[in-house]
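Report on one structure; see the data block that follows.
The values are calculated or read from the model by the stated rules, or taken from the named source; none is laboratory data. What you see is a predicted model; the values in this text were computed from it and never measured. As a convention, Cβ positions derive from the backbone with ideal geometry for all residues, glycine included, and neighbour counts pool all protein chains shown. Side chains are part of the model used for accessible areas, which takes the heavy atoms of the whole protein and leaves out ligands, DNA and RNA. Shrake-Rupley method; radii C 1.70, N 1.55, O 1.52, S 1.80 Å.
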Amino acid sequence: MQSAALASFAPLSQSAEADVAVIGSGIAGLSTAWELARAGLSVIVFEANRLASGVTGHTTGKLTALHTSVYATLRSKRGDEAARYYADSQSAALRHVFDVASELGIDCELEGRPALTYCEQPDGVEALRAEAEAARSVGLDASFVTETGLPFPVAGAVRVENQAQFHPLKYLRGLVEDIIARGGRIYEGTRVTRLDDGDPCRLTTEAGVSVSARHVVVATHHPVFDHAVLASRLTQHRDLVVAGALPAAQDPQGMYITAEGGKRSVRTAPLSDGSRLLIVTGEAFTPGSGEDTAAGYARLQAWTEQRFPGVTLSRRWAAQDNSSTDTVPLVGRLPTGGENVYVATGFAGWGMTGGVMAGTLIGSLVVGSPQRWAGLYDPARLGSSVRSAPEFLKAQWDTGKHFVKDRLDTLGDGTNGPVRDLRPGEGTVVRAGGKPCAVHRDDQGELHAVSAVCTHLGCLVAFNNAERTWECPCHGSRFGIDGQVVQGPALSPLERRDAGDL
Ligand code: FES
């Protein structure tokens with residue numbers, strides 16, 4: 001995000017109409033907007049914050065059809081055709097990035113690289129041999145190897161040739177420029193808080209401005225308008241990332257991920273002085289679980305410096321991903337959204353190829369000529385469970401209520417120990433006046449208090465001590481210490497509380 005500034009756009013201030021409204025400006029949203037603008041439709045993009053500042057702005061930027069070990073699983077659970085469609089669609093997305101970058105003249109540091117999924121323990125070898133065979137059977141140039149280019153030994157790896165890595169924001173900068181050149185409109189700082197499906201659909205922004213659009217695409221990572229039907233089938237995790245300069249001679253020349261627990265993901269990117277930026281991901285945790293994320297960063301840093309002694313770490317960040325219960329992204333018509341509302345979510349950490357794939361897939365649905373793999377990704381594949389949406393919704397509410405009640409019973413009273421003992425940089429959830437209250441002490445010693453009840457479906461938030469955010473364990477909403485929404489699906493801030501009462 002520091003190395004690729006995108007243009008700024010003003011918030012929407014007056015009512016508008018378009019053929020297509022896209023909510024969310026990550027790679028899925030902007031790719032969809034670009035496909036449809038290129039097809040001649042009028043397009044509006046709404047972004048609650050800054051363009052591509054969510055998951056896309058924090059990705060490690062791999063473009064690959066090798067998603068850890070998805071093919072053996074897909075073949076056994078959904079059959080050979082599903083596995084082949086998955087490989088074909090992800091490979092097509094990879095090629096599409098090359099084609100679009102070439103067509104638009106985008107310099108986005110596209111580099112061809114092999115993708116490898118490796119294991120360090122011998123007991124992981126058989127599964128990777130099976131994955132190599134499954135990946136080969138669906139047409140990928142895959143093999144089982146024991147040499148990887150990594151500066152440490154592995155027990156084995158699946159290697160797929162002709163994959164790639166890129167700078168996602170430089171790529172999206174090119175798409176944004178072309179969307180505008182084709183008459184598209186983009187509004188930042190514009191949170192859409194209401195969606196009424198129909199023909200046309202009606203949107204309402206937080207500022208009360210209304211928009212009508214024939215088609216709406218919900219590309220907000222975790223969908224903000226799904227009435228909890230998809231939310232009950234998405235799990236979320238956050239990954240920590242550290243990065244720093246590595247001498248070019250020590251570049252392992254591939255993109256790597258572990259297949260076993262204690263995940264690590266590794267790639268490098270070019271730096272202007274000819275060295276490489278080593279990017280290492282790991283220490284995944286469930287947002288809102290109360291994990292000690294500062295300790296997670298320390299472990300990831302220690303692992304990176306031990307495995308790559310030449311690295312000089314200088315950056316760290318985190319990214320959030322969600323996964324569908326059957327590991328395949330949910331892309332297509334929103335099951336509860338009528339005929340004209342589409343969704344793209346559940347990329348399981350593979351949202352760069354997945355987001356580009358979603359752009360072409362939703363584009364094909366909107367113009368009425370679905371791609372052949374549309375059924376694989378159709379969110380309605382959840383079948384009977386989607387049809388029983390009210391029961392699922394109730395179950396979700398019950399879960400949330402129980403979660404609140406159970407946690408409430410264990411909360412300390414905010415008028416004594418827990419708040420008094422908070423050190424600068426720490427946060428805790430306590431009971432204050434019988435209500436759960438999230439309290440943070442900043443570096444100056446000042447207390448900040450907000451309601452601890454998530455405004456999405458009512459679970460209790462917990463503190464992330466490295467990022468200093470309040471996070472919800474149920475569907476991954478994140479809030480600043482002032483209660484403002486950092487990441488949905490929540491649309492409303494946490495209520496402010498008077499810290500003087502604590
Ligand atoms: Fe759904 Fe918090 S209850 S994100």
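Within the range 481-499, being more than 15 Å from the ligand (Cβ to nearest atom) and small (Gly, Ala, Ser) holds for one residue alone: 499. Scanning the range 84-137 for residues that are in a helix (DSSP H, G or I), under 23 Å from the mean Cα position of the chain (by Cα) and not acidic (Asp, Glu) yields a count of 15. Residues that are open to solvent by 10 Å² or more (accessible area, probe 1.4 Å) and near the ligand (Cβ under 9 Å from one of its atoms) within the range 458-474 comprise 458, 473, 474, listed in sequence order. Just one residue in the set 73, 68 is assigned to a helix (DSSP H, G or I), at pLDDT below 95 and either more than 26 Å from the chain's Cα centre (by Cα) or not acidic (Asp, Glu) (or both); that residue is 73. Name the residues in the range 199-215 that are in contact (Cβ under 8 Å) with a residue 24 or more places away in the chain, closer than 13 Å to residue 337 by Cα and either in contact with a Phe, Trp or Tyr (Cβ under 7 Å, 6 or more places away or on another chain) or open to solvent by 10 Å² or more (accessible area, probe 1.4 Å) (or both), would you? Matches in the range 199-215: 199, 200, 214, 215.
For the range 466-497, a tally of residues being part of a loop (DSSP other than H, G, I, E, B), out of contact with any Leu (no Cβ under 9 Å at 6 or more places or on another chain) and not small (Gly, Ala, Ser) returns 7.
Of the residues 235, 268, which is open to solvent by 50 Å² or more (accessible area, probe 1.4 Å) and farther than 19 Å from residue 119 by Cβ? Walk me through how you get there before you give the answer.
Details: 268 fails: open to solvent by 50 Å² or more (accessible area, probe 1.4 Å).
Of 235, 268, the one residue that is open to solvent by 50 Å² or more (accessible area, probe 1.4 Å) and farther than 19 Å from residue 119 by Cβ is 235.
Among residues of the range 428-457 being part of a loop (DSSP other than H, G, I, E, B) and among the small types (Gly, Ala, Ser), the one that is farthest from the ligand (Cβ to nearest atom) is 445. Residue pairs whose Cβ atoms lie under 7 Å apart, sitting 6 or more positions apart in sequence or on different chains, and linking a residue in the range 118-146 that is charged (D, E, K, R) to a partner that is open to solvent by 60 Å² or more (accessible area, probe 1.4 Å), are 141/162.
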